[in-house]
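For reference, the structure is listed below as structure tokens.
The values are calculated or read from the model by the stated rules, or taken from the named source; none is laboratory data. Here the structure is a predicted model, which means the values were calculated and not measured. Here the Cβ positions follow ideal geometry from the backbone for every residue, glycine too, while neighbour counts run over all protein chains shown.
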Amino acid sequence: MITSKLQKPKLLLAFLFILLLQLKVTAQNEEADVTGTVVNENGELLTGVNVSANDAASKENSTVVTNGKGIFTFHKMKVGRTYSFIASYVGYESDTSSFSVKAGNNSIFIKLKPSNNILNQVCSNWVWNTEERNSNRLNSNGNSKRF
């Protein structure tokens, strides 16, 4: 088949266009890990912090817990997407950070501040002294009777 000089550039251009489309589709399906560290206001590593990653666009979310070194890892995060990372820990204010995942290494550093809210504690005292218990008993007539 004989092609004219004008048809060769058109074929080359079409080939390059198809190649670029394939690269874009491949990049959209790429996944990466996101690793982070959580510390307190003094820079001390926090163990057992709940960290959630939320992707508003796809409604995907997942939660992990920091290890003994204050480190967490999310696997298979979509490259190019922006996630909200929410770290929460008892006694500290929750922290929300927005992060766009890139190909390769991704790392986040989260510093939690102490909470100003004082937790209300409920204390129950189940021990009554014998005199109080006895003074509150009723006799058969329904009247209070001291034993």
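Any residue that is surrounded by 10 or more Cβ atoms within 10 Å (Cβ to Cβ), of a type in the set (Asp, Glu), under 18 Å from SER107 (Cα atoms) and at pLDDT below 95 - is there at least one of those in segment 32-42? Checking segment 32-42: not a single residue is surrounded by 10 or more Cβ atoms within 10 Å (Cβ to Cβ), of a type in the set (Asp, Glu), under 18 Å from SER107 (Cα atoms) and at pLDDT below 95.
Considering only residues that are among the hydroxyl-bearing types (Ser, Thr, Tyr) and within 16 Å of PHE109 (Cβ to Cβ), look in segment 48-83 and name the one that is surrounded by the fewest Cβ atoms within 10 Å (Cβ to Cβ). Restricting to residues being among the hydroxyl-bearing types (Ser, Thr, Tyr) and within 16 Å of PHE109 (Cβ to Cβ), the top hit is THR73. Taking every residue in segment 47-58 that is under 15 Å from VAL101 (Cβ atoms) and pairing it with any residue that is assigned to a loop (DSSP other than H, G, I, E, B) and among the β-branched types (Val, Ile, Thr), at least 6 positions away or on another chain, the pairs with Cβ-Cβ distances below 8 Å are VAL51/THR66.
Candidates in segment 49-77 are the residues that are of a type in the set (Lys, Arg) and not in a strand (DSSP E or B); of these, the one that is nearest to the chain's Cα centre (by Cα) is LYS59.
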